[in-house]
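Read through the structure below, which is laid out as structure tokens, and then see the notes.
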Amino acid sequence: MSRTMIRKASSSLPQARTRQSRWMVGLAAGLLALGCAATVRADEVAKTFAVSGHARVNIETDDGAVRVSTGDIKQVEVRVVYSGYKVDRDLRISTEQDGDSVSMVAKTSGGSFWNWGPRHTSLRVEVHMPKDADLTVRSGDGSVEAESINGNVDVKTGDGSITVQGVKGSARFHSGDGHIEARGLDGIVDASSGDGHIDLEGRFDGLTIRTGDGSVTARAGQGSKVASAWTIHTGDGSVDMEVPGDLKANLDASTHDGHISLGLQVTVEGTFSSSRIHGTMNGGGQSLTISTGDGSIHLSKT
């Protein structure tokens, strides 16, 4: 059950006066536009959905930031805050509930071609939901923030950063053009960015990190294990990784233009160099592959 709330130079004096008049008109029009922009009022659509078990929340927007917070509650609260749009004309907001699954879509259009003057628009989605829940977010253009979730999280944005604090479960983060920062992770993590640095911290069972252009920082806490292969790769950037001293893995580290430094014991197998090392850690195990096209690798103990 839901509740809704919609809240050139010339000596001629006449020519000079004409130019001055035109300049004044242009200035007045500019000030008017600025004044209108400054007084644009934000409206909102808010809905609340009661849930009883493990909630599953899906949020989709093509042009807006998403902020997710959690609490010890049994409901999902969604607010779409916007300005410069008209609902059902150039902003479509739809919601659906099926048991403990709640979905919200906020999609925009370019509006009428005949609109005159500058158009100032903004859109953001705010979600407050139970801690014990699964979360899926899709944003075409906007940042995503989330915190304190005991469940699976899948976040994808075409152009924007991802910031997460506290996820216990399987987590997938992807940004087409933006950095990813996540703390307090616990479980299997897959993070990728087309262009941006990635910074992760947590206890990992599985770990995959890929970025086309950016540095990678990963801190695997105590209790982490290479239950399945770990892969860390950047096309252009350094890799700084910390792992527990007792982590068991087969290490394969390589860089095309940089050097490798180790701050923990590795039993090297075969030939090695400052740019490629293959060996075992604590007797070996599943593979831990670290590679960079242009940058250094530093592997140390947590």
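Just a few scattered comments:
- Within straight-line cross-link reach of residue 86, lysines at Cα separation under 16 Å, skipping those fewer than 8 residues along the same chain: 107
- Within straight-line reach of residue 74, meaning a Cα separation under 16 Å, sit the following lysines at least 8 residues removed in sequence or on another chain: 47, 131.
- Those lysines that a straight Cα-Cα span of less than 30 Å connects to residue 248, excepting residues fewer than 8 apart in one chain: 168, 225, 301
- Its alpha carbons considered, segment 161-302 gives a radius of gyration followed by a Dmax of 14.0, 41 Å.
- The length gained on full extension between residue 252 and residue 58, counted as 0.36 nm times the residue separation minus their Cα-Cα distance, comes to 66.0 nm.
- Radius 9 Å from Cβ of residue 190, net charge of other residues (Lys, Arg +1; Asp, Glu -1): +2
- With the highest mean first, a sort of the peptides 126-134, 278-286 on other beta-carbon atoms found within 10 angstrom per residue produces 126-134, 278-286.
FYI, it's all coordinate maths here, none of it is from the lab. Quantities reported herein were computed from a predicted structural model and do not represent experimental measurements. Using ideal geometry, Cβ is built from the backbone for each residue, glycine included, and neighbour counts are taken over all protein chains shown.
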